[in-house]
Structures are given as structure tokens and as C-alpha cells.
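Here's the structure, in C-alpha cells; my notes come after.
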Amino acid sequence: MPGYSDPGFDTLALHAGAAPDPATGARAVPIHLTTSFVFESSDHAASLFNLERPGHVYSRISNPTNAVFEQRMAALEGGIGAIAVASGQAALHLAIATLMGAGSHIVASTALYGGSQNLLHYTLRRFGIETTFVKPGDIDGWRAAVRPNTKLFFGETVGNPGLDVLDIPTVSAIAHEAGVPLLVDSTLTSPWLIKPFEHGADLVYHSATKFLSGHGTVIGGVVVDGGSFDWDASGRFPELSQAYDGFHNMVFTEESTVGAFLLRARREGLRDFGACMSPHTAWLILQGLETLPLRMARHMSNTEKVVAFLASQPFVSRVGHPLLDSHPSHALAQKLLPRGAGSVFSFDIKGNREQGKAFIEALKLFSHLANVGDCRSLVIHPASTTHFRMSDGALAGAGISQGTIRLSIGLEDPDDLIDDLKRALKAAEKAGA
Amino acid sequence: MELTVNGAKTYCYTGGKAFDAAKPTVVMIHGVLNDHSVWILQSRYLAHHGWNVLAVDLPGHGRSAGEAPETVEQAADFITALLDAAGVPRAALVGHSWGSLIALEAAARLKDRVSHLVLVGTAYPMKVSPALLDASLNQPEQALKMINVFSRSTLAAPPSALGPGTWVYGASLALGRRVLRSNSKVNVFHRGFQACDRYANGEQAITQISCPVLFLLGGQDQMTSPKAAQGLISKAREAGKTVQVASLPVGHHQMTEAPEETLFAVRDFLRR
């Protein structure tokens, strides 16, 4: 029943979580730049702290502007609620820190953003949390990696930057057999391309810095709960299913049948780790989110044209996009990502490292920087930047070579982008002569 | 808190406070495909403001074992047995939707053992369309989406049961799926709807209650339209009952779309 009661994606992108401000009539979402909120009385204060009444106390824990962004993201993902945080990395950390402590184990895809790989491989190990990395397509590997102390499966919807599509239905089924949730980083796809919950994922997070914003002005993250994972039945999560003396002896799974994760993540994670989002940032992300459907459609149509161009160039040895039959995830992408597998992808030129540099430096429209998902087209050399801490072996595991170039296709006129690439390819060829 | 009622494990959420027989008790009864968690905020507040709270998972729902009630009358018998098992001589009954019919029928049977009756999102008769009844049995996911759409009135709910950032559409869907999955033997969705549809003792029951009654309705409720409660309200008044009617500008899920207003209406009524 489409309409106000059953709105579609584009409507939700504009309206979910927001209504005209009852105090002023403001139609746009107001920016509530305030650290704290006045209590009506001592009893009101106590009730807010004790989760007897809904409302805001302190903007590290919650804020009305952030709440609009959170509701909107939950609506777009088909989840039950969300928590806005300072960055995508903060979202990943919040999810992990809510679910486990020292002595726990994670099974993760090898095809991860370099920062996520760092967190799991180096930093969390220091805090007693170990990770086993599995190639995203190695289904037996996911199953074999489960240990008695495994708390989480984790992968990206499309691996960065090789675009290995995560077989979410299969990997989530293995996770669920083991009583473990699947967390998915959907930054490169956004809910416009895939809603991971519909395929079996339990938790989703984004670097909101990327496609959700689109404008490339702020850093932010968000974690969304699908509300489907049964923490009690799993038996692996006393953090949620047993009384927590750090918060009113609350048993989060009793408090909320479907929202235990979000309760603890906000009440402990934001309170104690404090990686909150500024309301100003939330407002800026909302400005981007309103046009997400329009932008994603253009990102994808531009990407199709650029991929076709690069695939036709003799100086290009490989184009790593699932649009092409040659990509190992082509069939899976057709199934899970019918609107496209994103506009961030990599390709290799037939040249050495110096020619790669010449290519990047000859580009005029593509900006050389460490970001993706901007409305402007971007380029980077992963081996020397985003993934520079990784060993050659780990790089190969993530599908990256020394000559790999990553593009993030923006919203410019596609002919102009192709012209820019054409000129840079010529410059790279010349550099090798 | 777990009790044994009619030989079956029964879960009651007590609002974060231990049960204390010395305090007055309020029993909160959920609707079809819901559980105790729909009352989180209201139950937690009441529990910390002088009340014992028993927000029950009905038999065969959520954390409670036992046979899911086939009729409102069976469910009302369960409420009597619950009070007995908890050692509660007298209680206020608060019910939502199907739970409001159960509370009504239980109040009629328990008479002076009920101090207050609150009917949230109620209607009588509570007829369910044949198409929805059929869908609840044969296409429960589709039916769940239908009732979720009918139950909601806003895309911008205030901070709700999980706090700020809760998307109540999604939370309702997830809870419905979880409760449906909690009973592997019986489709509690269809059974609950059938119980609503077949209940025929509402007008009789309202004349038999011995306590004041609050009708807490949603002005934009498409599941149990406020109009559909008017007959029961009139009957209660004709029978000389103490009747209070409150209308909130929300849909069928008053507890999440207007958590504060719902709490205040219940709290103030219970103070009478």
C-alpha cells in the first residue's frame, strides 16, 4: 500500500524521522547545537537517567538532530534503530566493543578497508580480541574459522577495493548456525544498492562520510541494528543476556526483545567511549541523505560508462568491477546488487609504478585524495596510501597489486570523466616510453 | 521474573524493580504478536513510582511457555491464574489491543480484585477482516507488514522504547517476527487474531466490571478505530460505570508513538 503509511525509499530519504518542528514550524530539520537538555524536575531527571521516560539528557548520548539521522538510516536500511557516531571506524568499534571483550574472537573477510584491517589485525589483538581472516568467497573457510569464543562474523558488502561481493545469505547462514551475528560494512553500496538485512545480515554500519553525505565535508558513522538476532538463544552474549551492574543491573535482552544491542551500545558505548557525532555533522549528513537516491542513480550510470571505456583500452590490463563478466563476483552481484555494485572500483594499467604515478598526476577532474563516495570523482593508489600498512601477502589477499589504481566515480558529465581518463592514460603510456 | 502459571513457565517483566507484594500491582497485557517489551517505558516508570509491575508475556508468546490462548476467555482465565500464582490479591489491569479485550474479560470475572481497568487501543467488536485473518495464517510476513502500516501514524515518532533513534516501523516488524518465531507449534498471529475476531462477550463484560475504566484511544488508529470503541464506552456509561476517555493524536501503538502521553494518562488514572 504505497503512500504516507507505507512510504518508499525515496520518500523515506526525505521524511523518515523528521516532521515540521512543533515549536517553530521550521520545515527543515533544526540543528540542535546544545550539549544538554533541561530537566523539568528532579523526578524527570531521575526518570530519564533510569530509562523510564524517553528524551535527551546529554548530546554525547543522544541529540534530537542526530536522532533524525538515526531514524532515517534505520528506515532506509529496514532496521529497528541506529546510533550515529564520530566516524565509520567508531561505528565498527562500537559494534565490536558492545558485543565482546578480551578473550573473544572475530571471523572477518580479508577484503576490508585498510583501517578496519588495522583495527582487527593489530589494535584489537592488543586488547585480547583475535581475528581470523577468511577470503570472502571461501565459504568453507568461514565455517572452519568458528571457535567456541567467536562472537562476530564481519565483512564488507563489496570488498574494498577489489569489489568482491560478500555472499551475505550464505555467510549469514553459517554465522547463524554457529550462534553468531553477521556485521556488514555497507559504506560502498549504501542502502540504495543493497539492504543487507534483507539478505540475512544482523548489524550494518556505514562510514557516513561517503555516499550517505556525498558532499565530502564531514566525517561520520552510523551503526544500524536489524533487530533479528536472538542474543539469548545464541548463548554467546552474556553482555546482553545477563544483568549488567554497569547500568542499573539491566538485562538488555529482557528490557527489549529486539533492541538489546542498541540499548547497550548507546548506554555503555557512547557513554564510556564517547565517540559521538556532532549535531552539526548529523545535519550536514541529512542534507546529503535527502538526495541519496538521485545521486546513487547517477553514480551508477556514470560508473557503467567509465567501466565500459576502461575495459576497451589496450593500456588497461584489468578492470575490477562486477559489471564485467570477467569479475569473479559478476554472478553474485547480479543476484544481490541488481542496481549495481557501486562506483568505487580499481583497475590496473600495463605499466610500472612510475607510470601509475604519471597517470594519477595527469588527471585534472579526478582528485587525488584518500576518500571515496564524494560527488566529485576521486582517485588513489591503494598500495601506497589506504592499504600501505599491509604486507604484500595481505595486499594480494585483498586483491590489490602495486599497480592498482582505485577510482571513485562522481556525478560529473560522464564524457568529461572519460576525457580526463583518456588523457591520463596517454600520459602514463608516454612515461614508459 | 518467572512464575509458574497453570504448570507453565511464565515471564513477567517487572520494570527493573523486584516484585514487592506490599505495593499495589499493575498487570500489563500485550496485543497480538507483541510481548512485554511494548510496555518498557511505562512499566519501568510505574515500577519506580510505587507500583509492582507484571508486564506479562502471554502463554506461548516470547519468553512464556504454555499453550497460546485460543480465546479471550482462556486468556482471561490465565490472568486470574497469574494473579494467584504471584500472590496478588488485587491489581490494576492495563491491556493493549487484544490485550485490552483480555483485560476487560478478566476484570469482569475478577470483579473487586481489579482496582483499575485501562483499555488502550480498544474496539468492540474487534473484527478482523477475512483477508487479514487468512494472510496471518498463510502469508504472515505480508500480514505483518499490513498491520504495521495500519498501526502507525507518523514517520517521525518521538524518542521511544529504545530511546532516541528508534525507527518504530522497523521495531514493530522485528518484534512481530520474533514473537511469531517464538512459538514453533502454533501460529500465534492467526490464533490471536481469531481470538479478537470471535470475542462476543464485550458488552456483557463491561457491565460486570467493578472498577473505573479508562479508554485510551488513538485518534488516527486504523487498526482499532476510535469509532469502534464508542459502543463499549456507551455501554459502560449506561451501566453506571466510572468512565474516562482519552484520545491521543496517534495511531494504534500509543506506547511507542506517544510514550509520554500514554504514561501520563495511565499514571494519572491509576492515582484515582
Original post:
What's the FRET efficiency of A:Gln402 with A:Arg271 using the Cβ-Cβ distance as r and R₀ = 41 Å, to the nearest 0.05?
Top reply: 0.40
Original post:
Say each of B:Arg271 and B:Lys111 gets a label point 7 Å from the Cα, pointing the same way as Cα to Cβ; how far apart are those two points in nm?
Top reply: 3.2
Original post:
In segment A:388-433, with Lys and Arg counted as +1 and Asp and Glu as -1 at Cβ, which of these residues, A:Gly393, A:Ser408, A:Ala427, has the Cα nearest the positive end of the dipole, that is, farthest along it?
Top reply: A:Gly393
Original post:
In Å, the Kirkwood hydrodynamic radius of segment A:139-221 over pairs of distinct alpha carbons?
Top reply: 13.4
Original post:
Placing +1 at every Lys and Arg Cβ and -1 at every Asp and Glu Cβ, with all other atoms neutral, what dipole size does the protein assembly as shown have around its Cα centre, in debye to the nearest 20?
Top reply: 400
**OP:** Please order A:Met250, A:Met300 by the number of other Cβ within 10 Å, starting at the fewest.
**Re:** A:Met300, A:Met250
**OP:** Could you size up the charge dipole of segment B:74-207 around its Cα centre, putting +1 on the beta carbon of Lys and Arg and -1 on that of Asp and Glu, and report it in debye to the nearest 20?
**Re:** 260
Subject >> Calculated [θ] (222 nm, deg cm²/dmol) that DSSP helices of n ≥ 4 give over chain A, each run adding -39,500 (n - 2.57) >> reply: -10000 deg cm²/dmol
Subject >> Ascending count of other beta-carbon atoms within 10 Å, so fewest first, for B:Thr262, A:Thr132 >> reply: A:Thr132, B:Thr262
Original post:
Among B:His116, B:Leu137, B:Leu104, whose Cα sits farthest toward the positive end of the charge dipole of segment B:80-142 (+1 at Cβ of Lys/Arg, -1 at Cβ of Asp/Glu, about the Cα centre)?
Top reply: B:His116
Original post:
Using only helices, what value at 222 nm comes out for chain B when you add -39,500 (n - 2.57) per DSSP H run of length 4 or more and divide by the total residues, to the nearest 500 deg cm²/dmol?
Top reply: -12500 deg cm²/dmol
Original post:
To the nearest 10 degrees, how steep is helix A:279-289 against the longest Cα principal axis of chain A, on a 0 to 90 scale?
Top reply: 50
Original post:
Given a Förster distance of 22 angstrom, what is the FRET efficiency for A:Ser391 paired with A:Lys350, based on the Cβ-Cβ distance and rounded to 0.05?
Top reply: 0.30
**OP:** Please report B:Asp134, B:Asp112 as a ranked list, fewest other C-beta atoms within 10 angstrom at the top and most at the bottom.
**Re:** B:Asp112, B:Asp134
**OP:** Determine, for chain B, the count of lysine pairs separated by eight or more sequence positions (or lying on different chains) whose alpha-carbon distance falls under 24 Å.
**Re:** 13
Subject >> Cα-centred dipole magnitude for chain B, charges only on beta-carbon of K, R (+1) and D, E (-1), debye, nearest 20 >> reply: 240
Original post:
On a 0 to 90 degree scale, rounded to 10, what angle separates helix A:292-311 from the longest Cα axis of chain A?
Top reply: 20
Original post:
R0 = 30 Å: FRET efficiency of A:Phe39 with B:Thr80, Cβ-based, nearest 0.05?
Top reply: 0.15
**OP:** Please give the length that would be gained between B:Arg237 and B:Arg90 if that part of the chain were fully extended, namely 0.36 nm times their separation in residues minus their C-alpha to C-alpha distance (nm, one decimal).
**Re:** 50.6 nm
Original post:
aspartates and glutamates within cross-link reach of A:Lys305: Cα-Cα under 15 Å, excluding same-chain residues under 8 positions apart?
Top reply: A:Glu412, A:Asp413, A:Asp415, A:Asp416, A:Asp419, A:Asp420
Subject >> Cα long-axis angle, helix A:88-99 against chain A (0 to 90 degrees, to the nearest 10) >> reply: 50
Original post:
Where a Cα-Cα gap under 19 Å defines reach, which lysines qualify for A:Lys350, not counting those fewer than 8 residues away within the same chain?
Top reply: A:Lys422, A:Lys426, A:Lys430
**OP:** Specify which residue in the list A:Ile61, B:Ser247, B:Tyr45 is farthest towards the positive end of the charge dipole of the protein assembly as shown, using unit charges on the beta carbon of Lys, Arg (+1) and Asp, Glu (-1), about the Cα centre.
**Re:** A:Ile61
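Read-outs: derived from the displayed coordinates by stated rules, not from any lab. Bear in mind the structure is a predicted one, so any value in this text is a computation, not a measurement. Note that we place each Cβ from the backbone using ideal geometry, even for glycine, and neighbour counts take in every protein chain shown.
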